[in-house]
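Trainee: The structure's right below; bear with me while I get my questions together.
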Amino acid sequence: MNPLLEVKNLTVQFEKREGTRFSEKKERKKFAAVDSVNFCLYPDEILGIVGESGSGKSTVARAVAGLIPISSGSIVLDGEEITDKKGRDLRMIYKKIQMVFQSPADSFDPRKTLGYSIGESLKNNGMTRKEVRTEVKKLLQSCELPEEFAAKYPREVSGGQCQRAAIARALAIRPKIIVFDEATSALDITVQKKIMELLSGVKKTNGLSYLFICHDLALVHKFCSRILVMHDGKIVEEGEPDAVIGNPRKEYTRQLIDAVL
Ligand SMILES: Nc1ncnc2c1ncn2[C@@H]1O[C@H](COP(=O)(O)OP(=O)(O)OP(=O)(O)O)[C@@H](O)[C@H]1O
Ligand SMILES: [Mg+2]
């Protein structure tokens, strides 16, 4: 089977600011937050990424979703090299990847209704107002929110409801991949369980693949088909959940598991 997403030698560097605000000489050095990372995401798969805070998980996610520039390497999405694409071509490609973040309320414009934000991309794609309204209603329904939610503002709904709206907004674009960056981490356990059920459901009906970043190893174990373990910008272990979490080969993974037990 061909991979849907192929990440080859991905390196993302950031500037490291050294010295204090008052020191005369400020050195600007670069460091690799993500260092030669290789992985594939296959159709229908849920690929988990775990690793301690600062290990580079979000940087991988943001690079893959086109939100930050990469320093070197290549990203092939659905058979197309995207690293050298620009402008309209790039936007077309990135319609295939959507991202859902930890605090959905922050990712919505507080001055716009949820319905407006969910339908915005549809309107930009040339749908009429009426078509957008119908589609938003369907999207809300598929995320188990009543249609009245279209008229609500982000601050008027709970965290779990807002996350459902964020999933609806991601689905509007009809992506092939959704990247979840700690998307369920801020929710209480019962709401989290319901969101996970929703994610399993919409994955099936929409034929999606997920990249699922999460620090909850039990959840990753249960939900993902394969897991990558990141440490210091690198992938140190990769495999099926039972192998990686049940019988880790690397000391780092063992420590990560011990830390939550
Ligand atoms: N925009 C940025 N500018 C400079 N350094 C950054 C930037 N974004 C991330 N970093 C650094 O890159 C490294 C990896 O960060 P990243 O956010 O990818 O970690 P993470 O694995 O997602 O951590 P967490 O579990 O806490 O979310 C960290 O050292 C972080 O400080
Ligand atoms: Mg992160």
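Trainee: Among DSSP bridges having both ends in the chain, what percentage is antiparallel? Round to the nearest 5. Write down the numbers at each step before the final one.
Mentor: Values: 22 of 39 bridges.
Restricted to the chain, the bridges split so that about 55 percent are antiparallel.
Trainee: Any idea what the alpha-carbon Rg over 2.2 N^0.38 Å comes to for the range 75-171?
Mentor: On the way: Rg = 14.6 Å, N = 97, 2.2 N^0.38 = 12.5 Å.
Cα Rg divided by the expected 2.2 N^0.38 Å: 1.17.
Trainee: For labels at Ala243 and Asp109 in the simple 7 Å Cα→Cβ model, what's the distance in nm?
Mentor: Reported label-point gap for Ala243 and Asp109 is 4.7 nm.
Trainee: A further question on this structure: Could you quote the convex hull projected area for the chain, Cα atoms only and averaged over all directions, in nm²? Let's see the in-between values first.
Mentor: Working: hull surface 65.5 nm².
Taking a quarter of the hull surface, the average projection is 16.4 nm².
Trainee: Relative to the longest principal axis of the chain, what angle (0 to 90°, nearest 10) does the C-alpha long axis of helix 129-142 take?
Mentor: Here the helix axis deviates by roughly 60 degrees.
Trainee: Right, next: Which value, in debye to the nearest 20, describes the size of the charge dipole of the range 143-257 about its Cα centre when Lys and Arg Cβ atoms bear +1, Asp and Glu Cβ atoms bear -1, and nothing else is charged? The partial results should precede the final answer.
Mentor: Working: 16 positive and 15 negative charges, 58 e Å.
With Lys and Arg at +1 and Asp and Glu at -1, about 280 debye.
Trainee: Okay, next question. Any idea which of Phe212, Ala63, Asn38 is furthest toward the positive side of the dipole for the chain, if Lys and Arg beta-carbons carry +1 and Asp and Glu beta-carbons -1?
Mentor: Ala63
Trainee: OK, next. Nearest 20 debye, what's the magnitude of the dipole of the range 97-174 about its Cα centre given +1 on Lys and Arg Cβ and -1 on Asp and Glu Cβ? Don't jump to the answer; show the numbers that get you there.
Mentor: Working: 13 positive and 9 negative charges, 44 e Å.
Using only the charged Cβ atoms, the result is roughly 220 debye.
Trainee: Run the helix sum for the chain: -39,500 (n - 2.57) per DSSP H stretch of 4+ residues, divided by residue count, reported at 222 nm to the nearest 500 deg cm²/dmol.
Mentor: Numbers: 10 runs with 100 residues, N = 261.
Using -39500 (n - 2.57) per qualifying helix, the result is -11000 deg cm²/dmol.
Trainee: What net charge is computed for the residues neighbouring Phe223, neighbours being all others with C-beta under 12 Å from the C-beta of Phe223, Lys and Arg scored +1, Asp and Glu -1?
Mentor: +1
Trainee: Would you mind calculating the relative contact order of the chain from Cα pairs under 8 angstrom and at least 6 residues apart, reporting the percent as a whole number?
Mentor: Details: 476 pairs, mean separation 64.8, N = 261.
The value is 25 percent.
Trainee: Where the only charges are on Cβ atoms (+1 Lys, Arg; -1 Asp, Glu), what is the dipole of the chain about its Cα centre, to the nearest 20 debye? Show your work: numbers first, answer last.
Mentor: Numbers: 41 positive and 35 negative charges, 206 e Å.
That gives the chain a dipole magnitude of about 1000 debye.
Trainee: Quick one: longest stretch of the chain between exposed loop GluC sites (Glu not before Pro), exposed meaning at most 13 other C-beta atoms within 10 Å and loop per DSSP? Please list the in-between numbers first.
Mentor: Numbers: sites that count: Glu18, Glu24, Glu27.
Excluding the exposed sites themselves, the longest stretch runs over 28-261.
Each reported figure results from applying straightforward, stated rules to the coordinates on display, with no laboratory input. It should be emphasised that the depicted structure is a prediction, and the values quoted were computed from it without experimental measurement. FYI the Cβ positions are ideal-geometry reconstructions off the backbone, even for glycines, and counts take in every protein chain you see.
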